[in-house]
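Below is one structure, written out as structure tokens, with a few remarks after it.
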Amino acid sequence: MTTKLTPYEYAIIQAVPRIERGELINVGVLLYSQRHDFLSARTHLAESRLRALDPAADVAGIRTALEAWERTCTGGGASEQMRLGERFRWLVAPRSTILRAGPVHMGLTADPSTELDRLVSLLVR
């Protein structure tokens, strides 16, 4: 039996604690699959790595912002009336804030949730 692979898009969520320095750490992955009707963000904030870039970083504020990204994926707040693809595009739009999405990449998967876990392990943890 062959497993049917379908396309997905993903972006790494990056924390940039001091935008003027341009240094960043990967803090999560955002994955969207139109065919699977799937949009989710999985995050992991390594506080020691963040503090290495900025000892005064607002860790609690960054955690709150990451939770907001996760809520946006599930339709919380202002994203309630948006379709999944619209939410994904909103989250990956360029911004100059402490959290941003890196470039969008493509892949193939039969199980977006398992693929998201794999990407977080590979690219963030």
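What order do you get for Ser33, Ser113 when you list them from fewest to most C-beta neighbours inside 10 Å? Before the final figure, lay out each step's value.
Details: Ser33 24, Ser113 14.
Ranked by crowding around the Cβ, least crowded first: Ser113, Ser33.
Amide H contacts under 5 Å for Ser40: Leu31, restricted to partners 5 or more places along the chain or on a different chain, H placed in the peptide plane at 1.01 Å from N.
Derived scalar couplings between HN and Hα for the stretch 12-17 equal 7, 8, 10, 9, 10, x Hz in order, rounded to whole Hz, by the Karplus curve 6.51 cos²θ - 1.76 cosθ + 1.60 (θ = phi - 60°), x for Gly and Pro. Remark on Leu99: its backbone amide H falls under 5 Å from those of Val16, a criterion applied only to residues 5 or more positions apart or on other chains, H modelled at 1.01 Å from N.
Using a Gaussian network model of the chain in which every pair of alpha carbons under 10 angstrom is joined by a spring, one finds that among Thr97, Thr43, Thr72 the greatest mean-square fluctuation is at Thr97.
When restricted to Cα atoms, the stretch 9-125 yields an Rg and a Dmax of 13.9, 42 Å, respectively. With Cα atoms defining each centre, the stretch 1-59 and the stretch 85-125 are spaced 6 Å apart in the structure. A simple spin-label model places pseudo-atoms 7 Å from Cα toward Cβ; at Arg89 and Asp111 they are separated by 3.1 nm.
No value in this document is a laboratory result; all are computed from the given coordinates. Keep in mind that what you see is a predicted model, and the values were worked out from it rather than measured. Virtual Cβ from ideal backbone geometry, glycine too; neighbours counted across all protein chains shown.
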